[in-house]
1. Could you tell me whether Gly155 is closer than 30 Å to Leu216 by Cβ and more than 18 Å from the chain's Cα centre (by Cα)?
2. How many of the residues in segment 208-227 are without any contact (Cβ under 8 Å) to a residue 24 or more places away in the chain and over 19 Å from the mean Cα position of the chain (by Cα)?
3. Among the listed residues Gly129, Gly116, Gly136, identify the single one that is farther than 24 Å from Arg226 by Cβ and in contact (Cβ under 8 Å) with a residue 12 or more places away in the chain.
4. Of all residues in segment 183-195 being surrounded by fewer than 16 Cβ atoms within 10 Å (Cβ to Cβ) and of a type in the set (A, V, I, L, M, F, W, C), which is farthest from the ligand (Cβ to nearest atom)?
5. Identify, please: which residue in segment 54-81 is surrounded by fewer than 16 Cβ atoms within 10 Å (Cβ to Cβ) and either within 13 Å of the ligand (Cβ to nearest atom) or among the aromatic types (Phe, Trp, Tyr) (or both) and is, among those, farthest from Asn195 (Cα to Cα)?
6. Being acidic (Asp, Glu), within 14 Å of the ligand (Cβ to nearest atom) and not in a helix (DSSP H, G or I) narrows it down to one residue among Asp40, Asp34; which is it?
7. Among the helices (runs of 4 or more DSSP H) lying completely within segment 85-182, list those that include at least 1 residues that are away from the ligand (no atom under 15 Å from the Cβ).
Amino acid sequence: MTSFEFPGKYYEIMRRDFRNLAAETEFLASLMPDGGRALDLGCGTGTNLRELGARGYSCVGVDQSAGFIDYAVHAGGTNVQYVHGRIEEFDTDDRFDLVYSLFMTLNYLPRTELRGVLRKMRELLLPGGHVVLEFGHLLNFVETFQQHIIAHHRGDGVLITRLARQSLNPHAANWRNEETLLVRESDGRVSMYDNFFDQAVLTGPEVRELLADAGLTVTAEYGGFRKEQAPGHGRGPLVIVATAEEARSA
Ligand SMILES: C[S@@+](CC[C@H](N)C(=O)[O-])C[C@H]1O[C@@H](n2cnc3c(N)ncnc32)[C@H](O)[C@@H]1O
């Protein structure tokens with residue numbers, strides 16, 4: 001279950017509080033040849049793609065949120081094409097130098113769909129291409145779990161108050177986030193949005209096994225987009241880079 005149907009401009013404001021876009025862009029760009037092709041699975045409001053498009057890469061983004069794709073289409077930018085749809089159902093004849101999924105989007109997919117999605121990522125790679133996955137691992141969930149969250153995000157004259165309730169289903173290894181966003185615009189207008197999502201609690205070994213099953217070899221693992229060392233213990237993201245072992249015959 002996933003909604004993410006609230007105005008993309010509010011997502012962009014919140015995203016800035018969690019992410020380092022410059023580091024993400026450098027990291028992704030370093031894995032492509034000049035003018036290469038990138039596919040962003042779960043592109044949200046197109047934040048990463050706009051940056052890559054501006055650097056001359058040719059980009060495609062897929063997201064299930066109609067509101068986010070609408071924002072992305074109207075946000076401008078060059079060399080980027082957006083597809084409104086679910087990652088599990090996405091298909092194309094295009095091939096890419098880089099296929100990536102960032103900011104825990106992988107965790108949003110139904111667990112039963114992951115194997116097929118990673119195989120699809122492999123199929124969509126050009127020879128020598130890379131897959132980049134940044135997902136929430138077990139410790140992210142264990143250490144950041146809070147039953148109730150009240151957080152404020154500010155930007156562009158807007159105040160967003162996020163009221164969230166988190167719950168875990170340990171038997172399904174599933175984490176549920178139900179949140180209400182209260183937004184006050186600079187002119188005093190107030191609006192409210194309900195957002196909810198379920199995320200599979202993934203583990204490194206599970207994702208590595210899925211990558212191997214898809215014919216992808218892990219070439220690097222980092223604790224962030226500045227190529228920080230992946231922490232042996234404790235919280236922090238996990239960024240995995242993988243390549244196809246060899247071109248498979250069709
Ligand atoms: C935390 S956001 C990350 C968006 C983007 N990657 C970024 O870095 O800003 C998760 C995104 O995954 C999308 N999403 C979740 N499940 C999806 C699915 N099955 N197919 C396509 N998009 C999905 C949501 O709509 C949302 O935009």
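Laboratory data are not the source of any read-out in this text; all were calculated from the coordinates shown. These numbers were taken from a predicted model, which means no experiment stands behind them. Counting neighbours? That spans all protein chains shown, and the Cβs are built from the backbone with ideal geometry, glycine included.
1. When the stated conditions are applied, Gly155 does not pass them.
2. Residues flagged as without any contact (Cβ under 8 Å) to a residue 24 or more places away in the chain and over 19 Å from the mean Cα position of the chain (by Cα) within segment 208-227 amount to 2.
3. Gly116
4. The selected residue is Val190.
5. The selected residue is Asp70.
6. Asp40 is the lone residue from the list that is acidic (Asp, Glu), within 14 Å of the ligand (Cβ to nearest atom) and not in a helix (DSSP H, G or I).
7. Output list reads 114-123, 138-144.
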